[in-house]
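J.: A single structure is presented below for examination.
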Amino acid sequence: MLEQLSKLPKVSTLTSVRKMMPLGRREMRNGLLFLSPWLFGFLAFTFLPMIATLIFSFLNLRITDGIFGTPKFVGFDNYVQLFKDPQAGISPGFWLSSETPSSLWITIKFALFALPIGIFAPLALALLMNNPNVKGQFYLRSLFYMPFIVPFVASVFLWGGMLNSETGWINRVLLALGTPRDSLPLWANDVDWVYPTYVIMGIWGIGNAMLIMLAGLQGVPTELYDAAKVDGANSWATFWNITFPMISPVIFYNLVLNIVGLFQYFLVPLVVNNGTGRPGGATLFYNLYLYRTFFTFQNMSYGSTLAWFLFLVILAVTIFLFATAKYWVYYAGEARS
Amino acid sequence: MDITPQIESSGFDTSIFDPALVKFYQTEEGQVGLPFAVFPGAFFYRPDMFDEAGLNYPPQVYGEKYVMPDGSEVDWNWETVTEVAKLLTVDVNGLNPTEAGFDRTQIVQVGYEPQWQSILSVGTFYGGAAKMYSGDTKGSYESTIPDSWKESFQWLYDGMYGEQPFIATGPLAGAPEFGNGNLFNAGKSAMGLTQTWYTCCLGDFAKAGNEFQLGIQPIGVNGEVNGRIDADTFRILKTTEHPDEAFEVLAYLITTGADKLLPIYGAMPAVPEKTDAFFEAKSKDYPFVTEESWNVFVQGLAYPDAPSSEQYQPNSVKANARFSTFFDLLRNTEGLDFDAEYQKLIDDINVLYNE
């Protein structure tokens, strides 16, 4: 990772700016001017709230205590509480021993289930769309991408209707196909079915990941495939030795985004299961617990603590992924040691 | 703050309000407000569905009996509501739950919906208003939910998952065909017990050519009409340095000022004599609603829930969230061990009260 960072263009320092030619300075000023809306947005809506929540996490700020009270500094009390909180489930000891599943464990369990599908489903679709034998690719690509354009909440509502255990057409079709009424899945209302339900809803929106993967596939030099053909490589050998390494940066990119997204998983359980954790507490994801603590229970300090822990977890996982990238991600044109 | 001294010293005439309504604004603190914007409850019902089922309409005057199909006169209580609601619930084959062959998995119309009511509201309507906790300091708080509320929760659950269902289960109520929870507006429920504010949200219903009328709130298991009123008012902070002047403003806002403010609020005036303009405006949206129906709301002013089902509870945000979770569980879980879940609710509430 450090190696990659060292290759980035150097940031201008005050001294280097002074040494700039007038034209360079003007370009820099214009560049900053054009960047300023984003910079302002980042400062106002990301950086400052982050600093604020960090400060909150060391206070006892609760809106329910009244808006006129002065919050007190409590040191690391919120972080101590976090490690003792069975619902947050930071300590693995809570994962299996607790009566109701802990939020972190729920998130990890779901991630283990959804992540492979979130990576391989768009990859498989991209491979299909990249296959010259598949007819009507232009239309199919558009069709697969289209659901991604639908606002996520709208698509969740749509799927909620389709997978409704009483009136949804999927159960109606299953019934028509001869599935006994008692065996029909209850989808989001069944502990065993709720994660597959969420994954099905998620698959509908993989069009964007498919498109990125497809772009990666189309960037693979064809002479590599020609060489493999000459060498007598079969399909699997070609995929494993050429396609996969060549598109590994794209897979890596999707992997990072997927993992970050899964740790922040929130909207679907909030909309489909009202954010209550139903059924059986199986859908009280970490980010949902954070949301409830912060906004429903208005405990700003503990909510901030939960948020900062999540941030640190995501940061650690991302650093770990970048650290392992050198072992499996291949950047074409890059000299490998 | 308690405004009783200001009421007395200013000579404010509280007799312009129903005495029960004035009492509704009393807490342990004292008289903390006076009636302003009120939203009494009533039974919304669809006459066409009653006609189709050959049933008489709910009574529109408190004290009147309901006439069953066999001609017998009975109290308009929850038992009667249950019987009527069953007859108004219809499956895809046109059968109701009391008939052989009724298909509970293909219900196309339910008899009753607690339209946008909380679980605590359900308890109040059925079992009567009650203070929900005892104790006065953290560590001493304890849930005092009456058994009648537990009975109401069980009734609600049986109405969905019992032998003869007449209330939509969570999945059914949440289905797009059933209005994503707004069942009465979607034309999928024959009756819905809710408050005046629900007249806000029946646009689709009226546009579809449907009509509704209003019946009285039923008699609860305690033998009394357990009404529910949602209410807004103005209060004065205890810390004020000018309580008398503040009361003067409050008195203006709830009387003369109310004439201008209430139409903006979209709320029913607490003074019965001033309700005509409110219902005239409502009649423009719903010209089919009769005067007798609107009058049910006016009568409802005499049946507030004191203490309110939205009363203060210790650690109220978390306690209310726990009740909501319980409601959600009831609506969405078949084969629930009701007693165990109820006990768990009370145990959790006792912990939350003292947290």
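J.: For B:Asp75 paired with B:Thr290, estimate the spin-label separation in nm (one decimal), with each label point 7 Å from Cα along the Cα-to-Cβ line.
T.: A separation of 2.5 nm, rounded to one decimal place.
J.: Here is a follow-up. In peptide B:175-187, what is the residue-averaged number of other protein chain Cβ atoms found within 10 Å of each Cβ?
T.: Working: counts 7, 8, 4, 3, 0, 3, 0, 0, 0, 0, 0, 0, 0.
Across the residues of B:175-187, the mean count of other-chain Cβ atoms within 10 Å is 2.
J.: In whole percent, what relative contact order does chain B give with Cα contacts below 8 Å and a gap of six or more residues? Show your work: numbers first, answer last.
T.: Values: 606 pairs, mean separation 98.3, N = 355.
Once divided by the residue count of chain B, the mean separation gives 28 percent.
J.: Please identify the DSSP H helices in chain A that span no less than 20 Å along the helix axis (Cα) and have a mean Kyte-Doolittle hydropathy of 0.0 or more. Let's see the in-between values first.
T.: Details: long enough: A:22-42 (29 Å, 0.13); A:103-129 (38 Å, 2.00); A:244-263 (28 Å, 1.75); A:300-328 (41 Å, 1.53).
Counting only whole DSSP H runs, the qualifying helices are A:22-42, A:103-129, A:244-263, A:300-328.
J.: What FRET efficiency comes out for the pair A:Arg26/A:Val150, r = Cβ-Cβ distance, R0 = 41 Å, nearest 0.05? Don't jump to the answer; show the numbers that get you there.
T.: Working: r = 44 Å, r/R0 = 1.07.
The computed FRET efficiency comes out at 0.40.
J.: At a 1.4 Å probe radius, carbon and sulfur cover how many percent of the accessible area of the range A:89-176? Show your work: numbers first, answer last.
T.: Numbers: 3580 of 4780 Å².
The computed percentage sits at 75.
J.: If Lys and Arg each add +1 and Asp and Glu each add -1, what is the summed charge of the other residues whose beta carbon sits under 11 Å from the beta carbon of B:Glu99? Working shown, then result.
T.: Working: positive: B:Lys86; negative: B:Asp91, B:Asp103.
Combined, the nearby Lys, Arg, Asp and Glu give -1.
J.: Next up: Suppose each label sits 7 Å from its Cα in the direction of the beta carbon; what would the B:Glu341-B:Ala302 distance come out to in nanometres?
T.: 3.8 nm
J.: For B:Ala306, what charge total do you get from the other residues with a beta carbon under 15 Å from its beta carbon, if Lys and Arg give +1 and Asp and Glu give -1? Present the calculation step by step, with values, prior to reporting the outcome.
T.: Numbers: positive: B:Lys23, B:Lys131, B:Arg228; negative: B:Asp18, B:Glu28, B:Glu29, B:Glu224, B:Asp230, B:Asp305, B:Glu310.
It works out to a net charge of -4.
J.: Please give the helix B:243-254 orientation as an angle from the longest Cα principal axis of chain B, in degrees from 0 to 90, rounded to the nearest 10.
T.: 40 degrees
J.: Take the alpha carbon gyration tensor of the protein assembly as shown, find the square roots of its eigenvalues, order them as a ≥ b ≥ c, and report rounded if a/c is under 1.5; if not, report prolate when a/b exceeds b/c, else oblate. Display every interim value, and only then the final one.
T.: Working: a/c = 2.23, a/b = 1.54, b/c = 1.44.
Prolate shape, in that a/c is at least 1.5 and a/b is the bigger ratio.
J.: Are there any residues in the range A:176-204 with a reduction of at least 40 Å² in accessible surface when going from the isolated chain to the assembly of protein chains? Probe 1.4 Å, please list them by number.
T.: A:Arg181, A:Asn189
J.: With labels modelled as points extended 7 Å from the Cα through the Cβ direction, what inter-label distance (nm, one decimal) is found for B:Glu29 paired with B:Asp51?
T.: 5.0 nm
J.: Still on this structure, I have one more. When DSSP assigns beta bridges and you keep just the ones with both residues in chain B, what percent turn out antiparallel, to the nearest 5? Write down the numbers at each step before the final one.
T.: Details: 23 of 28 bridges.
Looking only at bridges with both residues in chain B, the antiparallel portion is about 80 percent.
J.: Would you mind putting A:293-300, B:261-268 in packing order, based on average other-beta-carbon counts within 10 Å, highest first? Kindly include the intermediate steps, with their values, before the conclusion.
T.: Details: A:293-300: 18.8, B:261-268: 17.2.
In descending order of packing, they fall as A:293-300, B:261-268.
J.: Counting helices only, and only those DSSP H runs with n ≥ 4, report the 222 nm mean residue ellipticity of chain A as the sum of -39,500 (n - 2.57) divided by its residues, in deg cm²/dmol to the nearest 500. Write down the numbers at each step before the final one.
T.: Numbers: 18 runs with 209 residues, N = 337.
Here the helix-only value at 222 nm equals -19000 deg cm²/dmol.
J.: Next up: Give me the summed buried accessible area for the A-B pair, 1.4 Å probe, to the nearest 100 Å².
T.: Values: alone 20520 and 15930 Å², together 34860 Å².
Buried area (both sides, nearest 100 Å²): 1600 Å².
J.: Where Lys and Arg each count +1 and Asp and Glu each count -1, what net charge lies around A:Pro101 among other residues with Cβ under 14 Å from its Cβ?
T.: Numbers: positive: A:Lys109, A:Arg278; negative: A:Asp85, A:Glu99, A:Asp192.
Neighbourhood net charge equals -1.
J.: Tell me the per residue accessible area of the protein assembly as shown using a 1.4 Å probe; a whole number in Å² is fine.
T.: Values: 34860 Å² over 692 residues.
For the protein assembly as shown, the per-residue accessible area is 50 Å².
J.: Oh, and also: Please give the helix B:316-332 orientation as an angle from the longest Cα principal axis of chain B, in degrees from 0 to 90, rounded to the nearest 10.
T.: Once rounded, the angle reads 10 degrees.
J.: Starting from the Cα gyration tensor of chain A, take the square roots of the eigenvalues, sort them a ≥ b ≥ c, and report rounded, prolate or oblate (rounded when a/c is under 1.5, otherwise prolate if a/b is larger than b/c, else oblate).
T.: Verdict is oblate for chain A.
J.: Another question, then. Calculate, in nm to one decimal, what A:Thr100 and A:Ala52 gain on full extension: separation in residues at 0.36 nm each, minus their alpha carbon distance. Numbers along the way, then the final one.
T.: Values: separation 48, 0.36 × 48 = 17.28 nm, distance 3.18 nm.
Extending this stretch completely gives an extra 14.1 nm.
J.: Once R0 is set to 41 Å, what does the formula 1/(1 + (r/R0)^6) return for the Cβ-Cβ distance between A:Thr324 and A:Ser36, expressed as a FRET efficiency to the nearest 0.05? Kindly include the intermediate steps, with their values, before the conclusion.
T.: Details: r = 37 Å, r/R0 = 0.90.
Calculated value: 0.65.
J.: Which ³J(HN,Hα) values, rounded to whole Hz and listed in residue order, are derived for the range B:295-311 from phi using the Karplus coefficients 6.51, -1.76 and 1.60 in 6.51 cos²θ - 1.76 cosθ + 1.60 with θ = phi - 60°, glycine and proline given as x?
T.: Calculated HN-Hα couplings, in order: 5, 4, 5, 4, 4, x, 4, 7, 10, x, 8, 10, x, 5, 5, 9, 5 Hz.
J.: Taking springs between alpha-carbon atoms closer than 10 angstrom, which of B:Asn226, B:Asn180, B:Asn320 fluctuates most in the Gaussian network model of chain B?
T.: B:Asn180
The values are calculated or read from the model by the stated rules, or taken from the named source; none is laboratory data. Being a predicted model, the structure only gives us computed values, none of them experimental. Please note: Cβ atoms are built from the backbone with ideal geometry, for glycine as well, and neighbour counts cover all protein chains shown. Keep in mind that these areas ignore ligands, DNA and RNA; they rest on the heavy atoms of the full protein, side chains included. Shrake-Rupley method; radii C 1.70, N 1.55, O 1.52, S 1.80 Å.
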